[in-house]
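Notes follow once the structure below has been shown.
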Amino acid sequence: MSVIFLFEGSMLADLDNLAKPVLDTIFRADHALHEDITGALFDVDDQHVHRLSLEKRIVNDAASQGVEIEISWEDQAIPPN
């Protein structure tokens, strides 16, 4: 998973603080207050994210601000016990 945050001006926010809400929005959160009300795009907990790339970039204007997210999905075989 790759996440690029696009900011106008200075980039004072810590990447780790920016990443957590994004992950909790995209993936099911087992700690959600209301299990039947989520905004999750995937019904999988974010513990299944094996690779996470984070980046901050400065953009020239407010209209270019935002976030770019790329998700690659690979089936992981579960090893036998």
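The values are calculated or read from the model by the stated rules, or taken from the named source; none is laboratory data. Not measured: the values here are computed from a predicted model. We place every Cβ from the backbone using ideal geometry, glycine too, and count neighbours over all the protein chains shown.
Counting only residues that are outside any strand (DSSP E or B) and modelled with pLDDT of 80 or more, which one in segment 58-81 is nearest to residue 7 (Cα to Cα)?
The first filter runs over segment 58-81 and keeps only residues outside any strand (DSSP E or B), leaving 60-65, 71-81.
Now drop any that are not modelled with pLDDT of 80 or more, which leaves 60-65, 71-72.
On the way: 60: 8, 61: 8, 62: 8, 63: 10, 64: 8, 65: 5, 71: 21, 72: 24 Å.
Here the answer is 65.
Looking only at segment 9-26, how many residues end up being within 8 Å of the chain's Cα centre (by Cα) and not β-branched (Val, Ile, Thr)? Don't jump to the end; show me each part of the working.
Within segment 9-26, the subset within 8 Å of the chain's Cα centre (by Cα) is 19-26.
Next cut, not β-branched (Val, Ile, Thr) only: 19-21, 23-24.
Of the residues in segment 9-26, 5 are within 8 Å of the chain's Cα centre (by Cα) and not β-branched (Val, Ile, Thr).
Restricting segment 9-57 to residues that are part of a strand (DSSP E or B) and touching a Ser or Thr at 6+ places or on another chain (Cβ under 7 Å), which is modelled with the highest pLDDT?
Across segment 9-57, the extreme among qualifying residues is 53.
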